Amino acid sequence: MKIENRTFIISGGASGLGRATTLDIVAKGGNVAILDLNESLANEVISSTSPSKVKFFSTDVTETEQVASSVKSAAEWAVSSKAPLGGIIAAAGVANPALTYGRQGPIDLDGFKFVNDINVVGTVDLIRNGLEYLTKVEPEGPDGERGVIIMVASAAAYEGQSGQLAYSASKGAIVSMTLPMARDLSRYGVRVMTLAPSMFDSPMTEKMSAKVKESLMRSMEFPKRPGKPHEFSQVAVACIESTILNGEVIRLDGGSRMPARL
Ligand SMILES: NC(=O)c1ccc[n+]([C@@H]2O[C@H](COP(=O)([O-])OP(=O)(O)OC[C@H]3O[C@@H](n4cnc5c(N)ncnc54)[C@H](O)[C@@H]3O)[C@@H](O)[C@H]2O)c1
């Protein structure tokens with residue numbers, strides 16, 4: 001699918017990996033509707049691009065009315081700017097570590113639900129609302145393609161570390177949803193891909209101590225460094241542009257397998 005003159009909805013598009021994807025899509029002539037909590041970061045993105053190419057819709061992905069209303073506004077903007085909806089990228093997420101059982105006793109259930117509400121339910125809610133519009137755009141090209149869904153999992157879906165119970169549950173769910181979602185949406189000409197990064201430079205990993213970062217870097221084969229946000233968005237762009245990619249998860253991890261604990 002061509003990115004030029006298409007609109008992409010990106011949750012978490014104000015920061016980190018979502019932000020890099022926003023910038024790369026705009027560089028390729030696409031428009032981006034950022035659905036995020038963080039207005040000031042979104043405004044930075046808009047001022048470094050253009051208000052005609054990027055619009056911010058204040059959204060908490062755990063509030064379904066907000067998701068529905070922001071997606072509707074984004075879809076209306078796509079129509080009025082003559083850049084039809086081309087995809088939905090669910091990049092909003094949180095990590096919040098907690099042990100299954102630790103000094104404070106069992107894992108706090110509200111904390112477990114908080115991570116899964118944002119990472120899983122928020123992802124599904126964004127996509128199901130977006131599909132109301134994406135399944136109705138004019139199909140493009142010889143394959144009759146309408147658009148692409150990109151979800152964001154993590155290496156923690158496969159080898160979650162100690163303390164990643166909630167996060168691994170949420171990212172494992174994203175991995176597991178990829179194929180059934182692709183199968184459900186094939187009749188509409190909509191593809192589904194998931195990216196599973198290990199450690200990338202972003203505000204999420206800025207909070208990690210040097211010790212934690214070094215331990216994760218040691219587990220990498222090559223290159224032995226955190227991924228750069230642009231290396232995530234390069235693959236996101238490939239997922240949009242290459243029509244043969246569907247129903248699969250791509251690890252972005254420098255060949256690493258995370259150790260049990262740091
Ligand atoms: N950075 C990494 O090393 C890494 C590794 C594996 C997976 N991931 C995943 O990549 C995705 C992006 O992470 P990032 O590193 O860019 O993090 P980030 O913290 O830089 O960006 C996350 C964005 O999500 C937004 N967000 C959080 N909660 C939200 C909510 N309830 N509603 C709307 N927006 C909300 C934040 O405001 C922020 O803009 C996440 O799903 C994360 O789990 C990141």
Tally the residues that are open to solvent by less than 40 Å² (accessible area, probe 1.4 Å) and within 15 Å of the ligand (Cβ to nearest atom), restricting the search to segment 224-241. 8
Hey, among Glu138, Glu159, which residue is outside any helix (DSSP H, G or I) and away from the ligand (no atom under 14 Å from the Cβ)? Glu138
Of all residues in segment 1-45, how many are closer than 15 Å to Gly147 by Cβ, touching a Lys or Arg at 6+ places or on another chain (Cβ under 6 Å) and among the hydrophobic types (A, V, I, L, M, F, W, C)? 2
Looking only at segment 226-262, count every residue that is modelled with pLDDT of 95 or more and basic (Lys, Arg) and tell me the total. 2
Of the conditions (1) away from the ligand (no atom under 12 Å from the Cβ); (2) more than 29 Å from Lys72 (Cβ to Cβ); (3) under 17 Å from the mean Cα position of the chain (by Cα); (4) of a type in the set (Gly, Ala, Ser), Ser154 satisfies every one except a single condition; which number is it? (1)
In segment 164-181, the residues that are surrounded by 19 or more Cβ atoms within 10 Å (Cβ to Cβ) and either modelled with pLDDT under 95 or more than 18 Å from Val115 (Cβ to Cβ) (or both): Thr178, Met181
Considering only residues that are more than 16 Å from the ligand (Cβ to nearest atom) and open to solvent by 10 Å² or more (accessible area, probe 1.4 Å), which ones fall in segment 182-210? Arg183, Asp184, Leu185, Ser186, Arg187, Tyr188, Gly189, Arg191
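Report yes if Arg191 is within 17 Å of the chain's Cα centre (by Cα) and among the charged types (D, E, K, R), otherwise no.
Values: within 17 Å of the chain's Cα centre (by Cα): yes; among the charged types (D, E, K, R): yes.
It is true that Arg191 is within 17 Å of the chain's Cα centre (by Cα) and among the charged types (D, E, K, R).
Among the residues of segment 92-132, which ones are away from the ligand (no atom under 16 Å from the Cβ), open to solvent by 90 Å² or more (accessible area, probe 1.4 Å) and in a helix (DSSP H, G or I)? Before you say what the answer is, go through the steps one by one.
Step one: list which residues in segment 92-132 are away from the ligand (no atom under 16 Å from the Cβ), which gives 99-109, 131-132.
Still in the running and open to solvent by 90 Å² or more (accessible area, probe 1.4 Å): 99, 101, 103-104, 106, 108-109, 132.
Answer for segment 92-132, where residues must be away from the ligand (no atom under 16 Å from the Cβ), open to solvent by 90 Å² or more (accessible area, probe 1.4 Å) and in a helix (DSSP H, G or I): Leu109, Glu132.
The values are calculated or read from the model by the stated rules, or taken from the named source; none is laboratory data. Computed from a prediction, not measured in an experiment: that's the story for all the values here. Virtual Cβ from ideal backbone geometry, glycine too; neighbours counted across all protein chains shown. Protein only, heavy atoms only, side chains kept; ligands, DNA and RNA dropped before computing areas. Shrake-Rupley method; radii C 1.70, N 1.55, O 1.52, S 1.80 Å.
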